[in-house]
Amino acid sequence: MKIYFVHINDVQSGPFNKEELKELGITKETMVWYEGIEFWVCAGEIAELTDVLKVIPPPLISSVNHSKLVEQNVSKAEPEQKDLTSETKKNASNSSKSYLTGAIALVLLIGFFVFIYVDQKSKQEELQYQLELQNAKLLEQERIEEERKAEELRAQRAAKLSALRTEYDQALTNLRAAKMKMDEINEFRLLRT
């Protein structure tokens, strides 16, 4: 069930249901708003309220006055009709100009957003390319560092191996010298006996 708000004599009131609106005696000119519409509208424009609207008849006119009013309205209607035709043409011209202006503004706005999108896309691609370049440089630096470490390790192993060979050669020389002394001692013993 919809809840309505009304605007009568510059005062906003509500909430009301349909029955309460009927009791208020709203007319088709009464401004009404309910949840789901954006702006206040005349009650006569809301289809579901037609059965609750208070109908106010026009004032009664005598038949003589009525004839005079009809003649006046007919004589006024012809110039007004011409004025309305030229005014309608002006309004149509102004309307088409405003549509054209709106269309141009829309095209410019779309062009601006397309430009922004393309610019952002190219910037994103440039950043992606720079990131890939930096990653490639980083991988190259890591590879060079690994090669340097491997070469350093080979050099350390070669130095250790060289030191071990030198120690081995020294130990072998010492062993030969000791063997020669031993041979001399055994020879001396043999001569002594």
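The values are calculated or read from the model by the stated rules, or taken from the named source; none is laboratory data. Just so it is clear, the model here is predicted, and its values are computed rather than measured. Ideal geometry is used to build each Cβ from the backbone, glycine not excepted, and the neighbour counts take in all protein chains shown.
Of note:
- Of the criteria (1) modelled with pLDDT of 60 or more; (2) loosely packed, with under 10 Cβ neighbours inside 10 Å; (3) polar (S, T, N, Q), which one residue 63 fails: (1)
- Unique match (being loosely packed, with under 10 Cβ neighbours inside 10 Å and at pLDDT 85 or above) among 35, 29: 35
- Restricting attention to segment 38-48, the residues being surrounded by 10 or more Cβ atoms within 10 Å (Cβ to Cβ) and over 37 Å from the mean Cα position of the chain (by Cα) number 6.
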